[in-house]
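A.B. asks: Dropping a structure here in structure tokens format, bear with me for questions.
The values are calculated or read from the model by the stated rules, or taken from the named source; none is laboratory data. Since we're looking at a predicted model, the values are computed, not measured. Quick reminder, even Gly has a Cβ in these numbers, built from the backbone with ideal geometry, and neighbours come from all protein chains shown.
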Amino acid sequence: MSAQAAQALRHADNDVGVHVENISKSYGAGESRTTVLDKVSLTIRKGEFVSVIGPSGCGKSTLLKVVAGLSGADSGRVMINGKTVREAAKDKAIGLVPQAPALLPWRTILDNVSLPITVNPGANRGRNLRDPKELLRSFGLGHAIERYPAQLSGGMQQRAAIARAFVFDPEILLMDEPFSALDEMNRDQQRMGLLDFWQSNRKSVLFVTHSVPEAIILSDRIVLMAAHPGRIAEIIDVDLPRPRNEALYATDAFRDLEGHVRTSLRKVMMEAARV
Amino acid sequence: MSDTAAAKTESKARSGQGIVLMEALWNWGLPTITFVVVAALWQFVAVSNPYVLPTWGAIGQSLLNDPGMYWANLLVTCQEIAIGAGAGILFGFLLAVAMAELPSIEKAVMPLIVVVMVTPVVAIAPALVVAFGFGMTPKYIVTGLVVFFPMLVNSLAGLRDVDQKALDVMKTLHASRWEIFRDLRFPGCMPFVFAGLRIAMPLAVVGAAVAEFVAAGQQAGLGSLVTIAAAQANLPVTWASIALLCLLGVLLVSILALIRKRVLWWSDQDVIGR
């Protein structure tokens, strides 16, 4: 099924969303040469939430870096809305949420979230910029507008980092394990916050995670990657109704899917162990 | 019942005051004791050996007898520090920016700078006097030279110590080099710049004094005053000048700490000292 789906997606509309075509990337030379990404192809449709999950070393973060234009590939190409990554960055089409909030400690939360509007202002023309204050309020940070990052909890800082990625209305959002530094309860709260916000502001999202429930509750599709070499092992459709909320965790459909993803993950890791 | 509650809060407040008092003793009392003991030992030696150390009274008397002379010399030394160290700090920072932005500049210039910096300033100073005469120029150069290196090295380390994840965010926004400098590198390097200044300030006083030693005579300055008075075995003037140099250093470091507190309130990264 996944092969057919991938085939169908490759023929999808070429102008919207993200097209990753045959990306390969290796590090090192000679015997220590390792292939981090081996002919990875993936399409994210407009307004689609795609999670990438897999064991460490499967290249999921490298894939995100390549799509973000922060790292080059040896071969293959990435197109964002029909443009190269460089052109897309010039147009401020990419919103990045890194692993750590990476807020500037000398700026207030409001000034941190406003940063993408003030940077590269040439790309603001014809853009549906959001009001940073309003956005922060809808992220539940209305009380923290004039505060500094150090005065906020880790969860609130990460929420501000997500608001920073949404504020300039980019076509595609790239999130690199944004909740991995938080404790489990906090993580679930932030996850639900993102789910709520995204469901009313659908953007294409590439979301790297190592949490199975997180991938299921948020995504339309889950891309399962295998390591050595880093490649796509399986693409799993998440046919759960939207809008979703916490109640979904307790449903049979969710548990079935979770079982499926975990089994596939185990298979991928067993294979890696055999090699 | 409200009485006992009141008594409780009162006793709490009192024990709170006790802690504050203990802290004050710890922070101020102990160093004060050290200073008093050393000063007493000094006085003890000075009273029986007037040709080794002047008494505190003699130093104070000398300062009071001719405050105008000390003031004039202090101003000269301050001018050397303001202009010489000011230029050295600025140039050190600007070169660090150039090196951070263009690695080829660092490759080309850094070896020369290291060679110059391992040459003792005390050795360079007489040569500069020969070249530039007994005026202010060699003093500016020596003072600038001693602060230049710590400023350069610290600023460069700071400019390179950017938050990599924040830099990634800037790059995906296609931020220009100037925007990355303005919003990220420049404010981010300030803790390192202030650490550099913390090293540079006392060094500036050293540089000014050393330059004046070498070129004593023509132009005034507290360093010149020290050499001239010492040559005449005038211990009260010698030590009064030394004390003023010391006070100048303390003052500069204290002003710097005040500025740091206002500018770098967001940084918990106290690279060295306060």
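Here's the yes/no breakdown for (1) assigned to a helix (DSSP H, G or I); (2) more than 10 Å from chain A (Cβ to nearest Cβ); (3) within 23 Å of B:L197 (Cβ to Cβ):
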| residue | (1), (2), (3) |
| --- | --- |
| B:V130 | yes, yes, no |
| B:F134 | no, yes, no |
| B:T143 | yes, yes, yes |
| B:S155 | yes, yes, yes |
| B:L159 | yes, yes, yes |
| B:A166 | yes, no, no |
| B:K171 | yes, no, no |
| B:E179 | yes, no, no |
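A.B. asks: I'd like to know if region A:176-184 contains one or more residues that are more than 11 Å from chain B (Cβ to nearest Cβ), part of a helix (DSSP H, G or I) and under 27 Å from A:P243 (Cα atoms).
C.D. replies: Within region A:176-184, one or more residues are more than 11 Å from chain B (Cβ to nearest Cβ), part of a helix (DSSP H, G or I) and under 27 Å from A:P243 (Cα atoms).
A.B. asks: Within region A:61-81, track down each residue that is facing chain B (nearest Cβ under 9 Å) and not aliphatic (A, V, I, L, M).
C.D. replies: Correct list: A:K65, A:G69.
A.B. asks: Looking at A:G122, is it farther than 20 Å from B:W266 by Cβ and within 12 Å of chain B (Cβ to nearest Cβ)?
C.D. replies: yes
A.B. asks: Considering only residues of region A:82-103 that are within 16 Å of B:H174 (Cβ to Cβ), more than 7 Å from chain B (Cβ to nearest Cβ) and touching a residue at least 60 places away in the same chain (Cβ under 8 Å), which is nearest to the chain's Cα centre (by Cα)?
C.D. replies: The extreme case among them is A:G95.
A.B. asks: Considering only residues that are outside any strand (DSSP E or B) and acidic (D, E), look in region A:18-76 and name the one that is nearest to the chain's Cα centre (by Cα).
C.D. replies: Only one residue tops the list, namely A:E48.
A.B. asks: For region A:104-119, name all the residues that are more than 8 Å from chain B (Cβ to nearest Cβ) and within 19 Å of the chain's Cα centre (by Cα).
C.D. replies: A:V113
A.B. asks: While we're here: Would you mind stating whether A:A165 is at pLDDT 95 or above and either part of a helix (DSSP H, G or I) or more than 30 Å from A:V78 (Cα to Cα) (or both)?
C.D. replies: So A:A165 fits the description; yes.
A.B. asks: Follow-up. Restricting to region A:125-159, name every residue that is among the hydrophobic types (A, V, I, L, M, F, W, C) and within 12 Å of another protein chain (Cβ to nearest Cβ).
C.D. replies: The answer is A:A150, and nothing else.
A.B. asks: On to the next question. State whether the residues of region A:230-246 include one that is in a helix (DSSP H, G or I) and not basic (K, R).
C.D. replies: Yes, some residue in region A:230-246 is in a helix (DSSP H, G or I) and not basic (K, R).
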